[in-house]
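Below you'll find the structure I mean.
Read-outs: derived from the displayed coordinates by stated rules, not from any lab. Model, not experiment: these values are computed from the prediction.
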Amino acid sequence: MAITPIDIQQHQFKSQLFGYDKAGVDRFLELVAEELERLHRQSQELREELSRTRASLAEMREREEVLNATLLTAQKVTDDLRDNARKEAEVILADARVRGDQIVGEAEKRRLQLIDEIQDIKRQKVAFESGLRSLVESHLRLLNMDTLSLPPHKKPEELSSDRNSSEKFEDFSDLMTEDEQAGDDK
């Protein structure tokens, strides 16, 4: 049973012949003592709880400060990493541009070399075709020669039977004109 200060102030003891009822006063004092003891224990528990709460609060404040410092450090590190990554990306891009320019320059140089080689091959082709045409024309002239002197009384069939196969034709140089001989010497 909880005793309030008002209960103590308003409590009336029974009177007896020589004063108050001693048993009633003793019971009341026991009740008051129990209540005071309970309140004292409760007060002690509350003080301990308050002490623990204050310690916990102080620890949480310290953690908050550490977390804030950690967050600031993490933010700074993140910013530094971002800046470094951006700078590194710029360096890589610049290097890639330089390398790309080099590759394009080398490709252009190679393209010009190939054009020169193609032109040289075309010149060689023209020279070869010209030489081949000249050779073919000179051979055609040899084949179409009207100045081949065969004896008039022998027919070509008789001529071939008279000579063996190695003597069929004499030296062609005496059959060719001077212009044809000059063309073959080239």
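Based on the Cα atoms of the range 13-58, what semi-axes does the equivalent ellipsoid have, where each is the square root of 5 times one gyration tensor eigenvalue, given in whole Å with the largest first?
Equivalent ellipsoid semi-axes, largest first: 41, 6, 4 Å.
Mind checking the full-extension length gain between Asp83 and Arg47? Use 0.36 nm per residue of separation minus the Cα-Cα distance, one decimal, nm.
Full extension from Asp83 to Arg47 adds 7.7 nm.
Follow-up question, since we're still on this one. Give me the Debye-computed log₁₀ of I(q)/I(0) at q = 0.11, 0.21, 0.22, 0.23 Å⁻¹ for the range 7-115, equal point scatterers on Cα only, no solvent, two decimals.
So the normalised log intensities are -0.75, -1.09, -1.12, -1.15.
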